[in-house]
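Worksheet for the structure shown next.
The values are calculated or read from the model by the stated rules, or taken from the named source; none is laboratory data. Since we're looking at a predicted model, the values are computed, not measured. FYI the Cβ positions are ideal-geometry reconstructions off the backbone, even for glycines, and counts take in every protein chain you see. Side chains included, ligands, DNA and RNA excluded: accessible areas come from the protein's heavy atoms. Shrake-Rupley method; radii C 1.70, N 1.55, O 1.52, S 1.80 Å.
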Amino acid sequence: MTDQPPAPTGDVSRPDSRRLGTTAVVVGLALFAAYIYFDGKKSRDAAEARLAEQVSQNAELQKSMANLQEVVSDLKTSKLYQQQEQAIARDASLTAVQVAKTAEDRIAQLRSALKVWQAKRSEVLDGEAGRKIASDWKLVERADRLLSPYLPTAETADQLAQRLDSLMQPVKRAAEQDTAFTPSKDLQSRISDIESSVNEQLDEIQRATRDLAALAKEASALTPHETMTLQAALDTVQEHRDQERREAEDAALGQARREGADRIAREKAEAQRKIDMAQAEATKLAGEQAAAKIVQEAQAEQRRQQEAMAAKKLAEEKAARDADFEKALPDIKHYLSALVENGTTYTKNAAKPGPVSYAKLVEWHAMKEGRTGMEGLMYVASIQNDRNQGPIPKFIGSASGFERTNTPELRKAHALLLKYAKQMVEKGLLAP
């Protein structure tokens with residue numbers, strides 16, 4: 001019989017408590033390690049996500065900052081350009097102001113030069129220097145050319161000053177309001193044109209003053225005329241000139257009439273010759289009755305020819321008058337500006353601006369010869385007339401006043417009016 005091992009002592013149905021405790025600890029540690037691992041991974045993933053989001057936000061922020069810097073740069077550049085435009089505008093305004101200031105100074109010089117000219121002119125016309133000039137007709141003719149009615153006057157300076165002031169109004173308002181204003185090229189050009197015009201007028205009046213002074217100096221050694229002033233001598237020259245012009249015009253018109261009469265006589269003779277030939281031919285070929293008919297037709301043809309010749313003569317005379325009028329038109333517009341410019345006084349209808357009415361000129365005796373007509377012309381030109389008075393003197397209304405205003409310009413203006421008034425009505429330069 002085989003020996004059996006000894007049976008274990010104690011209760012074999014219960015596990016060893018120490019092994020169980022060890023196992024539990026190991027399992028707990030494993031679970032804790034797993035928890036720590038997975039929780040750490042989750043935290044790392046969240047941190048990485050937050051980091052990626054932060055990086056993305058930082059990139060957007062950097063992009064926004066870059067855009068902001070670009071906007072700031074653009075704003076700075078835009079402001080620079082704005083400042084540049086403002087500087088250019090101020091420079092253009094200052095240039096216009098400087099040119100205008102120069103023009104104003106020159107206008108002041110022109111006014112002073114005109115006063116000197118008028119004083120010298122009056123001195124020579126009525127003083128001893130003028131009587132010395134009047135003693136030599138060659139010097140009188142030179143004086144006549146120097147004392148041109150087309151020289152600048154105080155009205156010229158006034159008109160230039162008014163134009164300049166009107167053009168400078170927007171520039172002055174901009175300066176008062178400290179506003180950047182760029183004058184247009186047209187505005188700057190017009191201001192420069194006024195400056196040039198003032199310079200030309202100033203040079204012209206100063207040159208005339210020097211020439212007149214030189215003429216008086218040249219005549220200083222001559223003996224003064226006993227009775228005649230230079231003004232009277234110039235009046236005589238103008239009267240002779242007007243007389244020569246009228247004689248030349250009359251001679252030209254007479255020559256035209258003679259030539260027209262000769263031509264008409266030749267045409268009549270030729271027409272009569274044809275009638276005579278027609279009568280002879282009619283008598284020869286068709287007897288008295290047929291001849292009478294032919295003669296009637298020839299006479300009718302002759303009448304038609306005579307009417308045509310008369311109409312042609314009238315047309316030629318009208319053409320000659322029109323040509324003479326066109327030649328005189330610049331003088332008419334200059335000397336009679338107080339009548340031909342548009343206005344509301346001395347018209348047929350005060351509500352509609354237009355030239356002076358011929359009927360009003362007749363009413364105020366301006367169409368009469370001599371002193372009465374000249375005084376009537378001065379009255380219409382200067383009393384309650386809203387047009388440019390031009391070279392016609394202002395009406396004073398006395399014998400001594402007429403002596404002072406009886407100028408070559410007045411006589412010239414009145415002569416033009418008497419000669420061309422009806423044609424001025426036809427051409428629309430005077431109202432009916």
### Scope segment 218-247; condition closer than 30 Å to LYS313 by Cα and open to solvent by 60 Å² or more (accessible area, probe 1.4 Å); matching residues
ARG241, GLN243, GLU244, ARG245, ARG246, GLU247
#### Entry: Identity of the residue in segment 406-432, part of a helix (DSSP H, G or I) and of a type in the set (Gly, Ala, Ser), that ends up most open to solvent (accessible area, probe 1.4 Å)
ALA415
### Message
I'm told GLU301 meets every condition in (1) surrounded by 16 or more Cβ atoms within 10 Å (Cβ to Cβ); (2) in contact with a helix residue (DSSP H, G or I) (Cβ under 9 Å, 6 or more places away or on another chain) except one. Can you identify the failing condition by its number?
### Response
(1)
### Summary
Scanning segment 182-192 residue by residue, those open to solvent by 40 Å² or more (accessible area, probe 1.4 Å) and in contact with a helix residue (DSSP H, G or I) (Cβ under 9 Å, 6 or more places away or on another chain) turn out to be THR182, GLN188, ARG190, SER192
#### Entry: Filtered residue count, segment 203-217, keeping only those that are closer than 30 Å to ALA103 by Cβ, open to solvent by less than 100 Å² (accessible area, probe 1.4 Å) and not polar (S, T, N, Q)
8
#### Entry: Test: residue in segment 394-402 that is within 21 Å of PRO330 (Cβ to Cβ) and either modelled with pLDDT of 80 or more or in contact with an Asp or Glu (Cβ under 9 Å, 6 or more places away or on another chain) (or both)
no
#### Entry: Close pairs from segment 212-230: first within 25 Å of LEU151 (Cα to Cα), partner open to solvent by less than 60 Å² (accessible area, probe 1.4 Å) and acidic (Asp, Glu), Cβ under 8 Å, at least 6 apart
ALA219/ASP136
### Within segment 149-173, considering residues that are exposed (fewer than 12 other Cβ atoms within 10 Å of the Cβ) and free of Cβ contacts under 8 Å to residues at least 24 places away in the same chain, the one nearest to SER112 (Cα to Cα)
GLN162
#### Entry: Filter pass, ILE396 being out of contact with any strand residue (DSSP E or B) (no Cβ under 9 Å at 6 or more places or on another chain), closer than 24 Å to THR156 by Cβ and in a loop (DSSP other than H, G, I, E, B)
yes
